[in-house]
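A quick write-up on the structure given underneath.
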Amino acid sequence: MNNPSILVIDDESQIRKLLEISLNAAGYKTYFGASAKEGLVMAAGHGPELILLDLGLPDDDGQNVLLQLREWYQNPIIIVSVKNSEAEIVKALDNGANDFLTKPFRTQELLARIRTALRIAGAYQSDPIITFGNISVDLNARLVRKDGELLKLTSTEYQLFAVLLKNEGKALTHQYILTEVWGNGYAEQTQYLRVFIAQLRKKIEADPNRPRYILTESGVGYRFITA
Amino acid sequence: MKDELYNTTKQYFVSVATTLLVAAICFIFRDYLSYKITGYILLIAVSLLAVFIGLKSLLVAALLSALVLNFFFIEPYYTFHIYSTEDALLLLMFFIVAMINGALNYKIRKARQAAQLMEAKWNTMRLYDTLLDSLSHELRTPIATIMGAIGIMQDKVNPLSESDKSRLLAEMDKASHRLNHQVENLLNMSRLESGHIKPKLDWCDLEELFYKVIDSLAEELAQHEVIVTKREYMPLFKLDYGLMEQILYNLLYNAAQYSPAGTKIELGLIYKPDVAFEPSEGIPYSCMVTVEDNGNGFPEVDITKAFDKFYRVDNSKTGGTGLGLSIVKGLTEAQSGKVNLENKDSGGARFILQFAAEVMELKDISNE
């Protein structure tokens, strides 16, 4: 996979132009769709490695496009949306989007998100040991080490950490994490999540007030990144 | 009583009821009052009515009181007959005086309303002027920066050095951030005004939020020292995370803009379970957030106006639209909170946000 291809579905020609230049400069092959219809055709025709989907399309709701794509398309989809639409973003993540960015965004940020999404999609996790920064996790033995020292995590903390590790680079909604870690009846119990995220940060982050790994997405959820 | 009773049915009702009530009282004392005195009393009642009601309902009151006067008070009682010419003239004059009185009063009221309307219009115009002034400044400055920088970079005759290029790029970056911030404020303002903001209350870790906002303003706050004060374990509060983020962003952004470089900005989070900071009607404001700077504070005369839309401190140096603080107030009140501003004894401004938010103590769940 030397030149991964990216399909951009966005009706703004200026944004398409900007993305064409920056994505090509970063070494990606690009396809474009200016409407929902065009986007779906391009996706089926070219089978890109990643899709950037704008939620505000002229001919159809971006959520519908997302649902139709997810019927067969397995590669990462990153949503681009306007700010202050947390509900829309949460819905898109529930509908199978991997990540989201709000307009206006920096090209560097977009490229970083694309790299992460592609890396994770291409990687097959066979090694039970995950290492990042000064942290190493042994998934088999369920052990977490920081600077070689064993970290004492409670079983809930470990489960939460494991869900984050499994979904590296993805934006995760509160409801998703709560259901994964605590179970179905807990989807609205955000207080658990707040408390345990704070505890986990205290143990894992160098400065829990300025987290590097466990990031908060306002009104949406959390994102775990290792790079 | 309200200055104007807009509802016409209500106006008719008031005019008839008042006239009948006054007449009834006079009727009780009919044996002690001459019908002329009763006439004057009714005249006063009608004149007073003229202050509150419209012309048509006033006509009804005048006519009714003339009839009542004739029927119940001028002999022979209980007929509309009048014996003497003098009484007939009196009744006619009564009616005319009542109408003139009413008409004049009505005219005065209309003139006053027109004047008020003019003043309101004028105020709106002045507001728009201020808005346009500050907006065009706030939006044009960054646009000018960006366009200018692009112009220089496109100039092939006088190529720029790499260091100049990166300096220009940094300026463009700053300018686009400023532009984005102002557009964000304008959007929030219109959302607030159209009632589109509905808080989504959820458990918030305010300490985490503090640092998140401080981080997102790292560039603006580079010249300031930000200090966070709070007790070690803070509970979770049920608030809207996104709205709180915007409130704190605006307050910190302001503090960074309007207090001198090198000064401290202090963020405080206070929670006292059993103490209401400002108890009112049984609502305990148990969560308090303070943002303090060490600038010059606000002019005392203006302190009550600080949260008004488009308010700006006279002669304040840096640009601004005067929207930031009114948005803070709107977003705070959307979460049933309140915001106050005071000048500190040591100089500088202190913003105090209070919320009657639900509280969750961490120790309740951290051991599960």
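Can we say B:Phe72 is in a helix (DSSP H, G or I), buried (at least 16 other Cβ atoms within 10 Å of the Cβ) and more than 37 Å from the chain's Cα centre (by Cα)? In short, yes. Within the range B:212-234, the only residue that satisfies the criterion of being at the interface with chain A (Cβ under 8 Å from one of its Cβ atoms) and either free of Cβ contacts under 8 Å to residues at least 24 places away in the same chain or among the aromatic types (Phe, Trp, Tyr) (or both) is B:Asp215. The set of residues from the range B:219-251 being assigned to a loop (DSSP other than H, G, I, E, B) and at pLDDT below 90 comprises B:Glu219, B:Glu220, B:Arg231, B:Glu232, B:Tyr233, B:Met234, B:Pro235. Quick one: in the range A:170-198, of everything that is within 14 Å of another protein chain (Cβ to nearest Cβ) and hydroxyl-bearing (Ser, Thr, Tyr), which residue is nearest to B:Met234 (Cα to Cα)? The selected residue is A:Tyr192. Taking the listed residues B:Val313, B:Val359, the one that is surrounded by fewer than 21 Cβ atoms within 10 Å (Cβ to Cβ), touching an Asp or Glu at 6+ places or on another chain (Cβ under 7 Å) and at pLDDT below 90 is B:Val313, with no other qualifying. For the range B:198-208, taking the residues that are more than 9 Å from chain A (Cβ to nearest Cβ) and surrounded by fewer than 19 Cβ atoms within 10 Å (Cβ to Cβ), the one that is modelled with the lowest pLDDT is identified as B:Lys198. Among residues of the range B:186-197 being outside any helix (DSSP H, G or I) and within 10 Å of chain A (Cβ to nearest Cβ), the one that is surrounded by the fewest Cβ atoms within 10 Å (Cβ to Cβ) is B:His196. Inclusion of A:Leu111 among residues that are modelled with pLDDT under 90, over 15 Å from A:Thr226 (Cα atoms) and out of contact with any helix residue (DSSP H, G or I) (no Cβ under 6 Å at 6 or more places or on another chain) is not warranted. Among what's in the range A:118-142 and is of a type in the set (A, V, I, L, M, F, W, C) and surrounded by 14 or more Cβ atoms within 10 Å (Cβ to Cβ), pick the residue that is farthest from A:Glu157 (Cα to Cα). Taking the candidates together, the pick is A:Leu118.
All conditions but one from (1) modelled with pLDDT of 85 or more; (2) outside any strand (DSSP E or B); (3) not aliphatic (A, V, I, L, M) apply to B:Asp274; the one that does not is (1). Picking from B:Lys174, B:Lys107, B:Lys212, B:Lys200, which residue would you name as being basic (Lys, Arg) and touching a Gly at 6+ places or on another chain (Cβ under 8 Å)? The unique qualifying residue is B:Lys200.
Note on the range A:118-132: among residues that are without any contact (Cβ under 8 Å) to a residue 12 or more places away in the chain and part of a loop (DSSP other than H, G, I, E, B), the one that is nearest to A:Lys29 (Cα to Cα) is A:Ala123.
Table: residues versus (1) in a helix (DSSP H, G or I); (2) surrounded by 19 or more Cβ atoms within 10 Å (Cβ to Cβ); (3) in contact with a Leu (Cβ under 9 Å, 6 or more places away or on another chain); (4) away from every other protein chain (no Cβ under 14 Å).
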site: B:Glu171; (1), (2), (3), (4): yes, no, no, yes
site: B:Glu184; (1), (2), (3), (4): yes, no, no, no
site: B:Phe210; (1), (2), (3), (4): yes, yes, yes, no
site: B:Tyr253; (1), (2), (3), (4): yes, yes, yes, yes
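Consider the range A:147-169 and keep the residues that are of a type in the set (D, E, K, R) and outside any loop (DSSP other than H, G, I, E, B). The one that is nearest to the other protein chains (Cβ to nearest Cβ) is A:Glu157. Where strands (runs of 3 or more DSSP E) sit wholly within the range A:1-117, those with at least 3 residues that are crowded, with 17+ Cβ neighbours inside 10 Å and of a type in the set (A, V, I, L, M) occupy A:5-9, A:50-54, A:77-82. Condition (residue is more than 12 Å from chain B (Cβ to nearest Cβ), aliphatic (A, V, I, L, M), touching a Gly at 6+ places or on another chain (Cβ under 8 Å) and assigned to a helix (DSSP H, G or I)) applied to the range A:199-216: is it met by at least one residue? The answer is no, given that none of the residues of the range A:199-216 is more than 12 Å from chain B (Cβ to nearest Cβ), aliphatic (A, V, I, L, M), touching a Gly at 6+ places or on another chain (Cβ under 8 Å) and assigned to a helix (DSSP H, G or I). The set of residues from the range B:193-208 being touching a residue at least 12 places away in the same chain (Cβ under 8 Å) and touching a Ser or Thr at 6+ places or on another chain (Cβ under 8 Å) comprises B:Asp202, B:Trp203. In this structure, B:Ser57 qualifies as crowded, with 16+ Cβ neighbours inside 10 Å, touching a residue at least 24 places away in the same chain (Cβ under 8 Å) and touching a Ser or Thr at 6+ places or on another chain (Cβ under 8 Å). Please work out if B:Thr9 is assigned to a helix (DSSP H, G or I), of a type in the set (S, T, N, Q) and surrounded by 15 or more Cβ atoms within 10 Å (Cβ to Cβ). When the stated conditions are applied, B:Thr9 does not pass them.
The values are calculated or read from the model by the stated rules, or taken from the named source; none is laboratory data. Note that the structure is predicted; figures quoted are calculated from it, not measured. Quick reminder, even Gly has a Cβ in these numbers, built from the backbone with ideal geometry, and neighbours come from all protein chains shown.
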